[in-house]
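Have a look at the structure below, then the notes.
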Amino acid sequence: MSDERRNIIRVAGIYAASITGAGFASGQEILRFFSVYRTGGFYGILLAGALFSVLGSIVLNKVYSERIRSYEELIFPVFGWRIGWIIETAATLFIFCMHSIMTAGAGNILAQLTGIPFRIAVFVMGAVSAFLIMTDIKGIAVLSSVLTPVLIAGIIITGLCIIIMKNSPAFSVSGYISQITDNWLFSSLLYVSYNSILAIMVLCSVQPYLKTRRTAVAAGILGGTALTMAALVINAVIFLFYPSAADSEIPLIDILQRISASAGKFYSVLLWLAMLVSAVTSGFCFTDRIYSLFRLDKCITALMLCIFAAPLSMLGFSRLISLIYPAFGWLGLFMVIVILMTGLRRPIPGSERNWRGRAGESPAADVKQR
């Protein structure tokens, strides 16, 4: 395999890993943002997949062409100092919450697989993710490039098996649960929006792997396509077993266990890996942000993250998803609209002047100095 193809797969894996976390792989996000709209949910997923591909390509192209190496080098020239500071602060808070969600989900699965108490499982997962965070972006790249293709393939294959074996006592397509938003179109936009917060942060760190513009564009498209295929399969499974899976903490595992206990355990391992990758990815972004702001040692930050994220994780997986994700979706929606409208080719009028006035120079000038 050529270096370019290897880098495309690596970056696409990192991109997909920032989204394919606990909520995605468990079916909770797909259920809440798409399955509630029945047939419309499939259209929403196709729209979300297209937006992920376009957004990823645009951001990666920007990272490649301007040699961006940090989140603020992307945000401040585009949004200006004041708006950029608000976005940066809110995004840092979001990825802390997201790390807590992933730790809660991984702890839940670990407790089910091993029988240890949930609280202990949460702290174990926090310690494991803290150790992996200390490996920095190279370790994250290896973890994502190896595990993400396995996760995507596992989700698709398992989902197709469920669809084939759909004639089970649990099968039902009647019923109705409350909707988060008014229609599948807006729900799709909201889903892409909050997921883009972490994804953009992650993509700002992959500049060393972007050797050509084609690598940047292809990685964005490949990552978005893989996510679309997996989401379509998950939505089809939930659609077939709707609404019996609507009240489940982890819908896909519950559906699988009704069909086959061994299949349920197999997918539990896949889901645990998805949660671990996403917890490490979000945790890495958080420690990177704290280091950028306060120059606090990343190892110390990773350990502190493990300690302070644990209490929030105790609130539970599905509850955290329903409370935190939609709330931060509005912030992400603003980011996505601006990024797509400008194509990241020109900063918002006056933003570059504000950045220079506050920080002394623009990121572009900093890149030239390097």
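The values are calculated or read from the model by the stated rules, or taken from the named source; none is laboratory data. Keep in mind that what you see is a predicted model, and the values were worked out from it rather than measured. Because the Cβ atoms are built from the backbone with ideal geometry, glycine has one as well, and the counts that use them run over all protein chains shown.
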Out of all the residues in region 245-267, which are buried (at least 21 other Cβ atoms within 10 Å of the Cβ) and out of contact with any Gly (no Cβ under 6 Å at 6 or more places or on another chain)? 245, 250, 255, 267
Checked pairs for region 285-297, first over 12 Å from residue 202 (Cβ atoms), second among the aliphatic types (A, V, I, L, M) and surrounded by 21 or more Cβ atoms within 10 Å (Cβ to Cβ), C-beta under 6 Å and 6 or more apart or across chains, list as 287/133; 287/302
Selection count, region 109-121, where residues are closer than 21 Å to residue 254 by Cβ, in a helix (DSSP H, G or I) and not hydroxyl-bearing (Ser, Thr, Tyr): 7
Select, from 14, 45, the only residue that is β-branched (Val, Ile, Thr), under 30 Å from residue 241 (Cα atoms) and either without any contact (Cβ under 8 Å) to a residue 24 or more places away in the chain or not in a loop (DSSP other than H, G, I, E, B) (or both). 45
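Which is farther than 21 Å from residue 125 by Cβ and in contact with a Pro (Cβ under 8 Å, 6 or more places away or on another chain), of 30, 45, 9?
9
What do you reckon, is residue 55 assigned to a helix (DSSP H, G or I) and crowded, with 22+ Cβ neighbours inside 10 Å?
Numbers: assigned to a helix (DSSP H, G or I): yes; crowded, with 22+ Cβ neighbours inside 10 Å: yes.
In short, yes.
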Do we have residue 308 as part of a helix (DSSP H, G or I), under 26 Å from residue 203 (Cα atoms) and at pLDDT 80 or above here? yes
Is region 22-29 home to any residue that is crowded, with 24+ Cβ neighbours inside 10 Å and over 19 Å from residue 281 (Cβ atoms)? yes
Need the failing condition index for residue 47 against (1) of a type outside the set (S, T, N, Q); (2) modelled with pLDDT under 90; (3) closer than 16 Å to residue 336 by Cβ, just the number. (2)
